[in-house]
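Down below is the structure, laid out as structure tokens.
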Amino acid sequence: MKKTLSIAAVIITLSGIIAWGVYLYSQHQQSDIVERDGLYYVGTKMLGAGYIRENGRVLYVERIQYYAGTSAPNGVRYNKFAVAGANTTTFSLITEAAIANSEEIYYEFGKDDKNIFYQGLLARPATGSTRPIDMPTFTVIQNNYIVFGKDRNAVYEIYPNIYSELTGVDPATFTLIGDICAKDKNSFYTIGYSGEFMATTSTSLTHEQCVRPY
């Protein structure tokens, strides 16, 4: 009987260790941000900006490039600050919003169970009547020029830490075209140089028509 209980205890203990290992692995996979010699990386790319957990807090880290000859590793160091209002337990990167080139990657957007964060700062609704965002389904759509958010209920214009709902735009079919256009099942849209979002009477817009001229 004692031997049976001992075997059961070992199995339970091993199960707990495996479960904890999977939890840690999941947390790592969530962002894939690792530190090596004072620098942060995502795979082979250096982190340009993003969010990390440190000492029970969510921090925003932003790469600062120094000239050669400084004491910082490879002439690089990071500015760090705590993300005010972030829930450490539920915070996650919005990985769909990552911007990357051949050498660097930027995770500028994050969210927790109640709020959105951009470049480490809380994003706020434009007015008190702005619809509450559905956090589980919220994601970001962007290119090098424009940024939108969407959830299951609506599409939101985001600039820079203010978001407002775009009336009549269908989130399920909303997509960007080129640099300055978008479409959904209802219409085609253009985005002006100052960020004006406008429905058009066009029945189609090509990628070439939607490229910024500079």
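Bear in mind that the values in this text are calculations on the coordinates, not laboratory data. Model, not experiment: these values are computed from the prediction. Cβ: placed from backbone, ideal geometry, glycine included. Neighbour counts: every protein chain shown.
I'd like the residue in region 98-119 that is touching a Phe, Trp or Tyr at 6+ places or on another chain (Cβ under 8 Å) and surrounded by fewer than 19 Cβ atoms within 10 Å (Cβ to Cβ) and, out of all such residues, is farthest from Thr44 (Cα to Cα). I'd like the intermediate steps shown before the answer.
If we filter region 98-119 for residues that are touching a Phe, Trp or Tyr at 6+ places or on another chain (Cβ under 8 Å), which is where we start, we get 98-100, 107-112, 116-119.
Restricting the remaining residues to those that are surrounded by fewer than 19 Cβ atoms within 10 Å (Cβ to Cβ) gives 98-100, 112, 119.
Working: Ala98: 15, Ile99: 15, Ala100: 12, Asp112: 27, Gln119: 22 Å.
Selected residue: Asp112.
Quick one: would you say Asp113 is touching a Ser or Thr at 6+ places or on another chain (Cβ under 7 Å) and touching a residue at least 12 places away in the same chain (Cβ under 8 Å)? Steps first, please.
Values: touching a Ser or Thr at 6+ places or on another chain (Cβ under 7 Å): yes; touching a residue at least 12 places away in the same chain (Cβ under 8 Å): yes.
So Asp113 passes the test.
Find the residue count for region 35-57, including only residues that are of a type in the set (Ser, Thr, Tyr) and either surrounded by fewer than 16 Cβ atoms within 10 Å (Cβ to Cβ) or without any contact (Cβ under 8 Å) to a residue 12 or more places away in the chain (or both). Steps first, please.
Here is the first cut: in region 35-57, the residues of a type in the set (Ser, Thr, Tyr) are 40-41, 44, 51.
Going one step further and asking which of them are either surrounded by fewer than 16 Cβ atoms within 10 Å (Cβ to Cβ) or without any contact (Cβ under 8 Å) to a residue 12 or more places away in the chain (or both), we end up with 41, 44.
Qualifying residue count, region 35-57: 2.
Only one residue in Thr201, Thr137 is among the β-branched types (Val, Ile, Thr) and either surrounded by 10 or more Cβ atoms within 10 Å (Cβ to Cβ) or in contact (Cβ under 8 Å) with a residue 24 or more places away in the chain (or both), so which one is that? Before the answer, list the steps.
Working: Thr201 fails: either surrounded by 10 or more Cβ atoms within 10 Å (Cβ to Cβ) or in contact (Cβ under 8 Å) with a residue 24 or more places away in the chain (or both).
Matching residue, one of Thr201, Thr137: Thr137.
Just need a number here: residues in region 129-167 that are out of contact with any helix residue (DSSP H, G or I) (no Cβ under 9 Å at 6 or more places or on another chain), under 27 Å from Ile105 (Cα atoms) and either acidic (Asp, Glu) or outside any strand (DSSP E or B) (or both).
Within region 129-167, residues that are out of contact with any helix residue (DSSP H, G or I) (no Cβ under 9 Å at 6 or more places or on another chain), under 27 Å from Ile105 (Cα atoms) and either acidic (Asp, Glu) or outside any strand (DSSP E or B) (or both) number 14.
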